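Taking it in order: structure first as structure tokens, then the write-up.
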Amino acid sequence: MHLQLSVTGVRNVTIIVLMLIAISLACYSEPPAPPKDIASFFHEIIGEWIGTVEEYTGGVKAETKYFHSVTKQTSPDTYESVFEYYRIDKKTHAPVQIGLTSMTNNITPEGIATNIIIGKGDVFINPKTSKPEEHTLREVLQMSPSGSLEGKGSGKISVGGLALGAGRNGKVSDYTSTWVLNGDVLNITEQLKVTFKVLFFVRHYEIVDKLEARRGSDVMGLMNSALAKPNPTNTTTNH
């Protein structure tokens, strides 16, 4: 009788171990493989995304923006994306749409993409305020060995309300972008230099935009979640 109990106990332990192994294997999933080519990259980002934009001008951070974007394949070699940008009104806490950007990426037989970016919104110029702007950019995107996209381009921007005068046109140079897709998380970093020239005066602005997106459509829910979080960096006082 004692031997029978021992054999039964060993059998039960074996079953439990096998069950644990099976559960572990079921829970384990390999990280997604990077896209094989640039067409695969854009095919994988088809759909809706929501996220945040952190903007820096001369190293100074602007107010966080939020966005909802939709990417569609409009032809065998063309992908179009539309970004709607929002901010949270500080007084009413209501969402305010502040910009709209369209991107049209055309993939060439050589395996590169030409991206035409047309948009308008707010641009952060100094630590106190942002200004309305319109921009047109063109970049060429190539796939890096790591599976990300790297772009270089140039363009123009018109910013209203500058000290130089209303609606001044600026030249965008040294424009670079990096697109990194990791599962359902998409990160896009843009860096550019804007130059304004009026008579003998020249002004340069270096701008960095960092977009982080996840699949989804409820940008209002994302903004409400941000409002619910305490802001430890808020040290504003009344005088």
Go through the residues of the stretch 15-37 one by one and say whether even a single one is modelled with pLDDT of 95 or more and surrounded by 14 or more Cβ atoms within 10 Å (Cβ to Cβ). no
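Condition check: farther than 30 Å from ILE112 by Cβ and either modelled with pLDDT under 90 or surrounded by fewer than 17 Cβ atoms within 10 Å (Cβ to Cβ) (or both). Does GLN4 satisfy that?
yes
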Name every residue in the stretch 69-98 that is in a strand (DSSP E or B) and either at positive phi or acidic (Asp, Glu) (or both), in order of residue number. GLU80, GLU84
Residues to consider are SER146, SER154, SER217; find the one that is in a loop (DSSP other than H, G, I, E, B), at pLDDT 95 or above and among the small types (Gly, Ala, Ser). SER217
The number of residues in the stretch 46-96 that are surrounded by fewer than 19 Cβ atoms within 10 Å (Cβ to Cβ), modelled with pLDDT of 95 or more and closer than 26 Å to ASN182 by Cβ is 14
Among all residue pairs at least 6 apart or on different chains, which show Cβ distances below 7 Å where the first residue, located in the stretch 111-125, is in a strand (DSSP E or B) and the second is surrounded by 21 or more Cβ atoms within 10 Å (Cβ to Cβ) and among the hydroxyl-bearing types (Ser, Thr, Tyr)? GLY121/TYR85
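One line per residue, one yes/no per condition, for (1) of a type in the set (Val, Ile, Thr); (2) crowded, with 18+ Cβ neighbours inside 10 Å; (3) under 21 Å from GLU84 (Cα atoms); (4) out of contact with any Ser or Thr (no Cβ under 9 Å at 6 or more places or on another chain):
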position	(1), (2), (3), (4)
PRO109	no, no, no, yes
ILE117	yes, yes, yes, no
LYS120	no, no, yes, no
VAL123	yes, yes, yes, no
THR129	yes, no, yes, yes
GLU134	no, no, yes, no
ARG138	no, no, yes, no
SER146	no, no, no, yes
Which pairs turn up if I take residues in the stretch 73-86 that are free of Cβ contacts under 8 Å to residues at least 24 places away in the same chain and look for partners that are loosely packed, with under 14 Cβ neighbours inside 10 Å and of a type in the set (Ser, Thr, Tyr) with beta carbon separation below 7 Å, at least 6 apart in sequence or on another chain? VAL82/SER102
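The values are calculated or read from the model by the stated rules, or taken from the named source; none is laboratory data. Keep in mind the model is a prediction, meaning the values are calculated, not measured. All Cβ positions, even for glycine, are placed from backbone atoms using ideal geometry, and neighbour counts span all protein chains on display.
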